[in-house]
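*Asks:* Following this message is one structure expressed as C-alpha cells.
The values are calculated or read from the model by the stated rules, or taken from the named source; none is laboratory data. Because the structure is a prediction, the values reported are computed rather than measured. Every residue, glycine as well, gets a Cβ built from its backbone with ideal geometry; the counts of neighbours run over all protein chains shown. Areas reflect the complete protein model, heavy atoms only, side chains present, ligands, DNA and RNA absent. Shrake-Rupley method; radii C 1.70, N 1.55, O 1.52, S 1.80 Å.
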Amino acid sequence: MKKKRTKEMKSKTVEYCLAAAVILLILSGGLMILAAWKPAFAEWYAETVYPVLVSTVGRVTGRFPFSVSEICIYLIILGLLLSVVLAAVRIIRRKEKAGRVLFQWFSGVMLTASVLAFLYTAGCGINYRRESFSMKEGIITWQYTSDDLKQVCIWLTEEVNDLAPQVSRDEDQILTLDAPEEEGAVEAMEKLSGEYSSLEGYYPRPKKLIFSEVLSYQGLTGIYLPFTIEANYNGDMTSYNKPFTACHELSHLRGFMEEREANFIAFLACAGSERIDFQYSGYLSGWVYCMNALYRADQDSWAEVRGMLDPLAEVDLAANNAFWDSYEGPVERAADRINDTYLKANGQADGVQSYDRMVDLIVAYYGNRGK
C-alpha cells in the first residue's frame, strides 16, 4: 500500500508539473501576442509594471557581488545533466519502466523551460514592442548624405583626440580606468536621466561575468539577463569597451530593448559622464560605429578622417582588435547567427545590423545640437 501511494504521489506531481508548465507557456505566449498586437499594452507594461520588477527583483539581485543569472544558468545545466544520469540509473539499475521515467523527466524539463519563458516574457519580451527611446524623446532621424556623416566623424575624431591624452594608461599605453566601471555606469545613467525623463528609475550595479570567456567566444561585450533583471558585461575585454557596454546593458533596464537605441543611450551616458575615461569610451565607441558607416558610404572621406586620429587612440583600437581576433572562430560565427535570428524574431528586422543603426541617431543628435 505504501509503495502504491508513493507511485500515486509521483503521478500527481507529474500532472501538476505539466499543468503548471502549460499554464505558464500559454500565459507567456498570450502576453507576447498581446504586446505585438497592441503596442499600447507594451508601453503601459514598460512604464508601470516593469519598473516595479527592476526596483524589487533588480534591487535584491543587485546586492550580490556576482551575476545571479550566471550562477543559476550553470546550476540549471548541471541539474539537467544530473537528471539525465539519475533517469538512466532508474531505468538500468532499478529496472523502472523507461516510459514512466522519461515522462517524469520530461515534465520537470518542461516546467523549468516554462518558468524561464515566463521570466523572459516579464523581464524583456514585452518591452520589445514598446515605443522607442528616440520617439519618446523627440529625436528624429533623417536621410543624411555622406558629407553629413563625414562631418559627424570629424567631430567625434576631435573629441577622441582631445580626451586620449587625458586618460590613464599602462606601460603599453593602453587605457586603464580610473575607478570601477560598475559605479561609474550607474552614475552616468542617473545623470543622463536628468536630461531624459524616460530614463528615470532605479539602476542596479552592472556586473562582469565570472566566466567572461563565455561571452568572448561568442563575440559579445555584454548581455542583459531578464531572468533576474541583471546587466552583465565581459570583464576580460579591453578597458575602453567596458563603460560603454555597462551603460548599454543598463539601458535595457529602462525597458528599451532595441540595440541601436541601447548603443545610443550608452553613447549619451558616457559622453555626458563626469569621468574622463567614460567620455573617452563613449566617443571612441561612437567613432568606431560612425567610421564603419563612412567607410561603406565614401572610402575617400573615410581615409581622410581616419588619418586624423590620435596615435594613443590607435593603441586602444589595436588592443581591442587583437583581443577579439584571438576568439574568432566557429563558436563566434554560430552565436552571431543565433543573435541575428533572435533580434529579428523580436521585431528588429535588421538583426545584428541594428547595432550599427545607432549611427542614424548620432547624426540626428549632432544635427539637433546645431553643430
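*Asks:* Which order, highest average first, do 91-99, 268-276, 55-63 follow once you tally other Cβ atoms within 10 Å for each residue and take the mean per peptide?
*Replies:* Top of the packing list down: 268-276, 55-63, 91-99.
*Asks:* Let me ask something else about it. What percent do you get for the relative contact order of the chain when only Cα pairs under 8 Å and 6+ apart count?
*Replies:* Dividing the mean separation by the residue count of the chain yields 21 percent.
*Asks:* Rounded to the nearest 0.05, what FRET efficiency is calculated for Trp324 and Asp178 with R0 set to 22 Å and r the Cβ-Cβ distance?
*Replies:* Computed FRET efficiency for Trp324 and Asp178: 0.35.
*Asks:* Indicate the helices, whole DSSP H runs only, in the chain that combine a mean Kyte-Doolittle hydropathy of 0.0 or more with a Cα extent along their long axis of 24 angstrom or more.
*Replies:* Helices meeting the criterion: 2-37, 68-92, 98-120, 276-297.
*Asks:* Also: Starting from the Cα-Cα distance between Thr13 and Phe103, subtract it from 0.36 nm times their residue separation and give me the gain in nm to one decimal.
*Replies:* Using 0.36 nm per residue and subtracting the Cα-Cα distance, I get 31.2 nm.
*Asks:* Related question: Determine the share of the chain's accessible area contributed by carbon and sulfur atoms, expressed in whole percent, with a 1.4 angstrom probe.
*Replies:* 60 percent
*Asks:* Right, next: If r is the Cβ-Cβ distance from Asp148 to Glu274 and R0 is 35 Å, what FRET efficiency results, to the nearest 0.05?
*Replies:* 0.70
*Asks:* So for each of 74-81, 150-157 I average, over its residues, the number of other beta carbons within 10 Å; can you give me the resulting order with the highest mean first?
*Replies:* Ranked from most to least packed, the peptides come out as 150-157, 74-81.
*Asks:* Quick check for you: with a 1.4 Å probe and neighbouring chains kept, what is the accessible area per residue of the chain, in Å²?
*Replies:* The answer is 50 Å² per residue.
*Asks:* Please state the shape class of segment 114-156: rounded when a/c is under 1.5, otherwise prolate if a/b exceeds b/c and oblate if not, all from the C-alpha gyration tensor.
*Replies:* It comes out prolate by the Cα gyration axes.
*Asks:* Shape verdict for segment 111-203, please, from the Cα gyration tensor: rounded (a/c under 1.5), prolate (a/b greater than b/c) or oblate.
*Replies:* It comes out oblate by the Cα gyration axes.
*Asks:* Quick one: plug the Kirkwood hydrodynamic radius of the chain (C-alpha pairs) into Stokes-Einstein at 37 °C, 0.692 mPa s, and report D in µm²/s.
*Replies:* Once the numbers are plugged in, D ends up at 145 µm²/s.
*Asks:* Right, here's the next one. So, in nm, how far is label Ser197 from label Ile77 when the simple model puts each one 7 Å beyond its Cα toward the Cβ?
*Replies:* Those two pseudo-labels are separated by 4.5 nm.
*Asks:* Once every DSSP H run of n ≥ 4 in the chain is given -39500 (n - 2.57) and the sum is divided by its residues, what mean residue ellipticity at 222 nm do you get, rounded to the nearest 500 deg cm²/dmol?
*Replies:* Taken over the chain, the calculation gives -20500 deg cm²/dmol.
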